[in-house]
Every structure is written in C-alpha cells, then in structure tokens.
Amino acid sequence: MAFPFTASTVINPGNAVIISGANTVGTVATNGSAAALGFAVTAAANAGDTVWVATAGIITNAVSGGTIATAASVCTSSNGAGRVYSCTTVGAVIGKALTGTSGAGQTLSVVVWNGR
C-alpha cells in the first residue's frame, strides 16, 4: 500500500523515509528515527516533487547501512540517508528483513509494517 507525499529533498526508490513536515517526507541519516514512515516506491528528483511511499507491503530494493540478518527488524540508519539497519528500537521499527545483507550498501527485501 503506497500513498503520495511531497518530498523535502531528493529521494530514490527504496529509500527509507521519515515524516519531515505536513504531508512531506524526506530521508535521514539517524539510527532509529521515530519519524520513520516507510519506503519510497518512486523517485523525487527535487524537493517539492511527489513521491509515493509504501507504508505496508513488501519492497525489494531497501539499502542496508550494515550487516542485516534475515528476519531482523529494521530502522533508519546513520550510515547513509535512506538506509536501514538491524534494530529493536521501540517506536522506530519500520519492517522485517526478508533477505539479509553482509554489509553496507547492499539491497534487501523488507516487509513494511511499522511495528510500533
């Protein structure tokens, strides 16, 4: 399930996004942001563009901020804006890894579920 938002910055498909203002999303390089919403399905080339965000379902192009085990909960990562890492931060989990990664910058599949 995806919904349209206004981008506050450049956003790539697969980026983890946060609520950055009224009906606005952006990316963040912060571990476990409680403002995490879901994952970008489309790109926003510029701030002000419309970007569709998956808030439930499965995405196949999330980008890791480090090693992530299959079935791990994921949150926003400080290792690159829009990336995710393995975490259990209450109020910040945005999904479960369906596939794992062995390091930063690799793609993985995630069930998006905002497990707050």
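Points worth noting:
- Residue 42 long-range amide H proximity, modeled H, under 5 Å: 52
- Shape category assigned to region 66-116 from the gyration tensor of Cα positions, a/c cut at 1.5: oblate
- Within the listed set 100, 26, 57, the residue fluctuating most in the Gaussian network model of the chain (springs between alpha-carbon atoms under 10 angstrom) is 57.
- Among 40, 54, 71: highest mean-square fluctuation, GNM of the chain, C-alpha pairs under 10 Å: 71
- Viscosity 0.890 mPa s, 25 °C: Kirkwood-radius Stokes-Einstein D of region 1-43 over Cα pairs, µm²/s: 239 µm²/s
- Expressed as a whole percent, the accessible area of region 30-116 that falls on carbon and sulfur atoms is 56 (1.4 Å probe).
- Difference of contour (0.36 nm per residue) and Cα-Cα distance, residue 107 to residue 50: 18.2 nm
- Over region 1-107, the ratio between the Cα radius of gyration and 2.2 N^0.38 Å evaluates to 0.95.
- Most fluctuating residue given options 58, 94, 11, as computed from a GNM of the chain linking Cα atoms under 10 Å: 58
The values are calculated or read from the model by the stated rules, or taken from the named source; none is laboratory data. Because the structure is a prediction, the values reported are computed rather than measured. Protein only, heavy atoms only, side chains kept; ligands, DNA and RNA dropped before computing areas. Shrake-Rupley method; radii C 1.70, N 1.55, O 1.52, S 1.80 Å.
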